[in-house]
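In what follows, a structure is listed as C-alpha cells, so that the remarks can point back to it.
FYI, it's all coordinate maths here, none of it is from the lab. These numbers were taken from a predicted model, which means no experiment stands behind them. Here Cβ is always computed from backbone atoms with ideal geometry, including for glycine, and neighbour counts include all displayed protein chains.
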Amino acid sequence: MRAHECYHCKQWVEEGEAHDCWTTTEAALTEDLSEDLREAWERLRETVVEFGDQRIYASHSSIMFSRKTCYVFVRPKRSYLELFFFLGRPLKRPEVRRIVKSSKAKFAHEIRIRHRDEVEAPITDWLREAYALQDVLAAKRKSKERRARGAVRRRRR
C-alpha cells in the first residue's frame, strides 16, 4: 500500500510499513488512569474474573470480557470508566445512562464508574447476570429447537 495517513489514528504510515492501530493491551489502556479510577478498574476486573472461565482481551480502546461472545466491555476514559454490559432485558435505573437494543435478544447498558465503591450491588449483580445470559439464551434456543422438531414429527404422522 502506498504511504498514507491512517483514517483512524491519524498516524502517517510509510509505504510498505506495517500498521495496526487496533492492537493494544490492557496495560496500555489503563496506564494513565488516576488512582481512583485505577482502583475502580482493579476492583471491577477482580469482580468479573470471579464469575468463571472467560477470555479477557484489549481491542482498540476497550477491554473486553467474553465467554463465547462479549458480555462486558470497559472503555477507560480520563475521568471515568465507561462500562457496557449486555442483558436480556432493558434496565430502567438511574445508574444506567443509555440502553441500546444490540440484537434480537440483548440490550446493551452503559454505566459510568468513577470510584471503586461504585463496583458493588446492584452493578455487580447485573454483571453476573450478563455473564450468565449466554447460558440462558442457549437453553432457550435448545428448547425452541426441540419444540420445532416435535412439531415436524407430529406433522409427519
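Quickly run through the range 58-75 and pick out the residues that are in contact with an Asp or Glu (Cβ under 8 Å, 6 or more places away or on another chain) and not hydrophobic (A, V, I, L, M, F, W, C). Please lay out each step first, then the result.
So in the range 58-75, the residues in contact with an Asp or Glu (Cβ under 8 Å, 6 or more places away or on another chain) come out as 58, 63, 67, 74-75.
Passing the criteria: ARG67, ARG75.
If we keep just the residues of the range 95-114 that are among the small types (Gly, Ala, Ser) and part of a loop (DSSP other than H, G, I, E, B), which is farthest from the chain's Cα centre (by Cα)? So that I can check it myself, show each step before the final result.
Quick first cut of the range 95-114, residues among the small types (Gly, Ala, Ser) only: 102-103, 105, 108.
The next check asks that each one be part of a loop (DSSP other than H, G, I, E, B); those that pass are 102-103, 105.
Values: SER102: 12, SER103: 14, ALA105: 15 Å.
The selected residue is ALA105.
Listed here are the residues, each with its yes/no results for (1) exposed (fewer than 13 other Cβ atoms within 10 Å of the Cβ); (2) in contact (Cβ under 8 Å) with a residue 60 or more places away in the chain; (3) under 23 Å from VAL119 (Cα atoms).
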site: ARG2; (1), (2), (3): yes, no, no
site: LEU37; (1), (2), (3): no, yes, yes
site: ILE56; (1), (2), (3): no, no, yes
site: ARG98; (1), (2), (3): yes, no, yes
site: ALA105; (1), (2), (3): no, no, no
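Here are some residues: ALA130, ALA121. Which one is surrounded by fewer than 11 Cβ atoms within 10 Å (Cβ to Cβ), among the hydrophobic types (A, V, I, L, M, F, W, C), without any contact (Cβ under 8 Å) to a residue 60 or more places away in the chain and within 14 Å of THR47 (Cβ to Cβ)? Lay out the reasoning, then the answer.
On the way: ALA130 fails: surrounded by fewer than 11 Cβ atoms within 10 Å (Cβ to Cβ).
The match here is ALA121.
Could you name every one of the strands (runs of 3 or more DSSP E) located completely within the range 49-94 that has at least 1 residues being out of contact with any Leu (no Cβ under 8 Å at 6 or more places or on another chain) and more than 21 Å from ASP20 (Cβ to Cβ)? Spell out how you get there, then give the answer.
On the way: elements: 55-59, 62-66, 70-76, 81-87.
Ranges flagged: 62-66, 81-87.
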